[in-house]
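The structure appears right after this line, and notes come after that.
Rule-based calculations on the coordinates, nothing more; no lab input. Every value quoted in this text rests on a predicted model; they were computed, and no experiment measured them. All Cβ positions, glycine included, derive from the backbone under ideal geometry; neighbour counts span all protein chains shown.
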Amino acid sequence: MRTPSRIAIVVVLLLAAALAVAAALGAAWYRKPLSLPHSPYDFEVRSGASLSSVARALSADGIVPHALLLTVLARFERVDRTIKAGSYEIEQGITLPELLAKLTQGDVTQTAITIVEGTTFAQLKRALDDNPDVTHQLDGLSDGELLARLGASEPAPEGLFFPDTYYFAAGSSDLAVLKRAYRALHARLDAAWSRRAPGLPLASPYEALILASLVEKETGRPADRPLVASVFINRLARGMRLQTDPAVIYGIGERFDGNLRKRDLEADSPYNTYLRSGLPPTPIALPSQASLDVVVNPPTTPYLYFVSRGDGTSEFSANLIEHNRAVSKYQRGGR
């Protein structure tokens, strides 16, 4: 019987040593806290994003030493296809497996709140108040005090929080959630404004935000959203009043009973766009990314009017004669 040569024994021992070193290094990386540029650190996972793309982004920011570490661990634990879209917050001391647990909602200490597009700030505050996992720091704060805590320069909190799902540790404060949503809104708004079409009748990103909120409330139909934006842009460019019902309703506030009457359209307020030219003074709701995108890059159309068909879609018209026909057909039962 042939005995193994000394060379073969040495090779085997070297391989075993290399595997042991690799295992030790892997275990060290597994337990080692990740390096964060600041704590807490928040980042976003877009809808439809793969774990590998998220890992690459985190690696580029210096959070994960190498993207492959996160993807290999996820595949080993068979959770690489269960990543959840939303906004995440992590703190100093978090390890690679703990990060993966958050991304796949395996972390039972984590909870979430979804800010719904098209809702108002008052509705958002109620949702935070009703969330049992949130520590309440907004109680008793005026809008001005809240804006100061956010470091905001805007005149009102309406529209300043980006609609998304925000993941956070149970016990986090409502103010901390709002700060994240405020930062997310500004990141999205600034990016949209930087891509704006030339010649828009909008003077600032805040005006784009106001207009996006009007578009958001006027239609929930994706196909109609760009056309609604084009109508408002065309009217602003011509000095025409916007005449948008959702702004009037917002101005009425809690007194609105579900029916918009002629006397409401004739009652002056900063939000009555039938009586006042230009944009209302603040947004009227939390606009979606889609609404932000269409107001800074609206399609070129001749439309100046639109009316609801009663089925969730709108009829668009280029002149008042066409619009009156559409109103007669769809809202007055005419033919």
Problem set entry | the stretch 218-335, relative contact order in percent, only Cα pairs under 8 angstrom and at least six apart counted | 28
Exercise. Where the only charges are on Cβ atoms (+1 Lys, Arg; -1 Asp, Glu), what is the dipole of the chain about its Cα centre, to the nearest 20 debye?
Worked result: 1200
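If you take the Cα Rg of the stretch 284-335 and divide it by 2.2 N^0.38 Å, with N the number of residues, what do you get?
Details: Rg = 13.6 Å, N = 52, 2.2 N^0.38 = 9.9 Å.
My calculation over the Cα atoms of the stretch 284-335 gives 1.37.
Could you rank the peptides 240-253, 126-139 by their average count of other C-beta atoms within 10 Å per residue, with the highest value first?
Numbers: 240-253: 18.3, 126-139: 13.6.
Going by the mean number of other Cβ atoms within 10 Å, highest first, we get 240-253, 126-139.
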For this session: At 4 °C and 1.567 mPa s, grab the translational diffusion coefficient of the chain from Stokes-Einstein with a Kirkwood Rh over Cα pairs, rounded to a whole number in µm² per second.
Result: 56
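Where in the chain are the helices, taken as whole DSSP H runs, whose Cα atoms extend 24 angstrom or more along the long axis and whose Kyte-Doolittle mean reaches at least 0.5? Don't skip to the answer; put the middle values down first.
Numbers: long enough: 6-31 (37 Å, 1.97); 174-194 (30 Å, -0.02).
For the chain, where a helix must reach 24 Å along its axis and average at least 0.5, the hits are 6-31.
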Problem set entry | In nm, spacing of pseudo-spin labels at LYS329 and ASP268 (7 Å Cα→C-beta vector) | 3.8
For this session: Give the peptides 145-157, 274-286, 224-236 in descending order of average Cβ contacts within 10 Å, highest first.
Result: 224-236, 274-286, 145-157
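Sorted by mean Cβ packing within 10 Å, highest first, what order do the peptides 199-212, 69-82 take?
My ranking of the peptides, most packed first, is 199-212, 69-82.
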For this session: Subtracting the Cα-Cα distance from 0.36 nm times the residue separation, let me have the gained length for SER142 to ALA170 in nm, one decimal.
Result: 7.6 nm
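If you build the Cα gyration tensor of the stretch 94-209 and take the root of 5 times each eigenvalue, what three semi-axes come out, in whole angstrom, biggest first?
Details: eigenvalues 159, 76, 27 Å².
They are 28, 20, 12 Å, listed from largest to smallest.
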Problem set entry | Label-point separation in nm, THR114 to ALA197, each point 7 Å along Cα→Cβ | 3.2
